[in-house]
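One structure is given here, and the rest of the page talks about it.
What follows draws every value from the coordinates through simple rules; no lab data is involved. Keep in mind that what you see is a predicted model, and the values were worked out from it rather than measured. Counting neighbours? That spans all protein chains shown, and the Cβs are built from the backbone with ideal geometry, glycine included.
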Amino acid sequence: MSDDLFLAIDEGTSSARAIAYDAEWHPVATAARRLTTDHPQPGWAEQDAEAIVVAVVEAVGEVLAAVGGTERIAAAGLANQGETVVAWDRHSGAALAPAVLWSCRRSQAIVDRIDAAGDGPWIRERTGLPLDPYFSASKLRWLLEEVPAVTSAAEDGRIAFGTVDAWLTARLGGGSAAAGSGSTVETARTDPSTASRTQLFGLAALDWDDDLVRTWGVPRATLPALVPTTGDLGSLSHSSWGGSIPLRAMVCDQQAALAGQGGHRAGTVKATFGTGVFVLANAGDAVPEPPDGIIATVAWGSPSGAGTYALDGGVFSAGAFLEWLHDDIGLLDAPAGLDVLASQVPDAGGVRMLPALGGLGAPWWDPAARGTISGLSAATRRPHLARAALDSIAQRTVDIVESMTPALSCQVGTLRVDGGLTGSELLVQRLADLAGRPVDVASDAESTALGTALLAAMGAGRIDEAGAAAVVGTKRRVEPRLDEPARQAERAAWRHFVRGASALVEPRLISRDQSSNEE
């Protein structure tokens, strides 16, 4: 076996994973540590920030022990869970509050305040992002206003803010943090793909934006340094590892999955099925004009300072919705067994579900929407509910694909998918049917980890884009079976349902600039 191993550190919402790949891109060692999400109030989601560090340290340490130590690692990449934020003391390195997760809605009042001031249109133009608590800026402002320890640290000049990648590099990226006991803000860093999720970053300038940080009230000096997605990004180390590992890539998790699906060519569209569903399309090297309900973001930034852009849309509840149906209310079998249950019926028997436990994401962007189950009758059985649950995830994914693809300059062929839920053959078939296009299931379900490792190898000069794309494989292609009139009828019925379900809790479903999505 070659001594050159490429390490992917995938810090996601449900777990922190580490996977070492050999020179033939076979995984040779894997470790994971689960992360617990707390929901102290409806709509809130948070994690213990210190537990995130511990999970990463332990997962990486287990892999390093399995492969023979830090000297085996030629390059490491770090993927992170995007919009999630942490506030910490820049002197002690201690977290000052729980990590506020990407799915958390606690900062809605701050978003409403910014909207009322009339700042939404220019913020969307500058950042590619609509006003929504999903993005980081309002969460950071909430921490400043609502958490006394954060307010005090800000007044004393001790505060540091960042997404999870910045938090991890602050704790593991040099100085006293190398021993796992403290940090300085100077070691904290993030890349353009993650920074573009904060609503503090200008898409065209590829830099923190003074107007944005002023509007949100988040001092620029509290933010991490910006580095390219790939290149010599320093090192990560911890006393338990026995040395340091060369960090050669930092990337937001969904952009990592795009790379792991071979998405370096403009027009490539992928969907990753995990806690949520996240659809990204490579939009090329110019800032795209996003359609209504779709966001523009950075796919990755090169060492030369150039950027590759993407169109993006997310379903906030997918795997989380299925787990809730099983774990919390006991309505369905575990997600792994849903295919068997759902396949007992030819359709959902008129039952529909809206997987909106944390509001509706793209292209609807309705934070007031709530999860809904409708169409129940005396004939409804558990298989109908299982079928409706899988259908709802497929329908929500197609909502995004249909809104996104007309804005791409080149023709979109197949939809590439990855993630644990793609093990459901029924879900993938329904996705192909409702999208009206073939679906390619990735041969490696861990596309986020693979993409992170490939980007690290690119950052180390060990592979180029063509070589990285050649690594990616397809396990199976699923062709659509529905004829076009039937597909259109199902999609129209779904859109009607979404409007009605959302109106049950909030009369305003579609904002003025999204009325084109009604039909």
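Quick look at the values:
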{"item": "Options [x] 0.92; [y] 0.98; [z] 2.42 - which one matches Cα Rg over 2.2 N^0.38 Å as calculated here", "result": "[x]"}
{"item": "Mean separation of Cα contacts under 8 Å (6+ apart) over length of the chain, as relative contact order %", "result": "14"}
{"item": "Kyte-Doolittle at least 1.6, axis length at least 27 Å by Cα - qualifying DSSP helices, the chain", "result": "49-67"}
{"item": "Three-way shape label, segment 1-98, alpha-carbon gyration tensor, a/c 1.5", "result": "prolate"}
{"item": "Summed residue charge, Cβ within 12 Å of Trp25's Cβ, Lys/Arg positive, Asp/Glu negative", "result": "-4"}
{"item": "In sequence order, calculated HN-Hα J values of segment 23-30 (Karplus, 6.51, -1.76, 1.60; Hz; x Gly/Pro)", "result": "5, 9, 6, 9, x, 10, 7, 9"}
{"item": "Lys/Arg +1, Asp/Glu -1 at C-beta; segment 337-484 dipole; positive extreme among Gly359, Pro346, Leu431", "result": "Pro346"}
{"item": "Asp4-Asp347 pseudo-label distance in nm [points 7 Å out on the Cα-to-Cβ vector]", "result": "5.5"}
{"item": "Contact order relative to length of segment 47-153, as percent, for alpha carbon pairs under 8 angstrom and 6 or more apart", "result": "27"}
{"item": "Surrounding net charge for Gly473, when Lys and Arg each add one and Asp and Glu each subtract one, Cβ distance under 12 Å", "result": "+1"}
{"item": "For Gln108, net neighbour charge (Lys/Arg +1, Asp/Glu -1) across residues whose Cβ lies under 11 Å away", "result": "+1"}
{"item": "Cα→Cβ-extended label distance, 7 Å offset, between Asp285 and Asp483, nm", "result": "4.7"}
{"item": "In order through segment 298-309: 3J(HN,Hα) via Karplus (6.51 cos²θ - 1.76 cosθ + 1.60), integer Hz, x for Gly, Pro", "result": "8, 6, 6, x, 8, x, 6, x, 7, x, 10, 10"}
{"item": "Contact order normalised by residue count of segment 282-383, Cα under 8 Å, 6+ apart, percent", "result": "23"}
{"item": "Protection-proxy order for peptides 431-440, 230-239, each taking the mean of Cβ atoms within 10 Å per residue, highest first", "result": "431-440, 230-239"}
{"item": "Interchain or long-range residues, amide H under 5 Å from Gly284's placed H", "result": "Gly267, Tyr309"}
{"item": "Interchain or long-range residues, amide H under 5 Å from Trp44's placed H", "result": "Arg105"}
{"item": "13 Å reach of a label modelled at Asp327, 7 Å along Cα-to-Cβ, counting backbone N of segment 434-467", "result": "none"}
{"item": "Note, ³J(HN,Hα) from phi for segment 91-97, Karplus 6.51, -1.76, 1.60, rounded to Hz, x at Gly and Pro", "result": "8, 8, x, 7, 5, 9, 6"}
{"item": "For the chain, share of DSSP beta bridges that run antiparallel, in % to the nearest 5", "result": "75"}
{"item": "For Ile463, distant residues with modelled amide H under 5 Å away", "result": "Met458"}
{"item": "For segment 54-97: rounded, prolate or oblate by the Cα gyration tensor [a/c cutoff 1.5]", "result": "prolate"}
{"item": "Helix-derived mean residue ellipticity, 222 nm - over the chain, DSSP H n ≥ 4, -39500 (n - 2.57), to 500", "result": "-9500 deg cm²/dmol"}
{"item": "Bridge type composition, segment 1-135 - antiparallel percent by DSSP, nearest 5", "result": "75"}
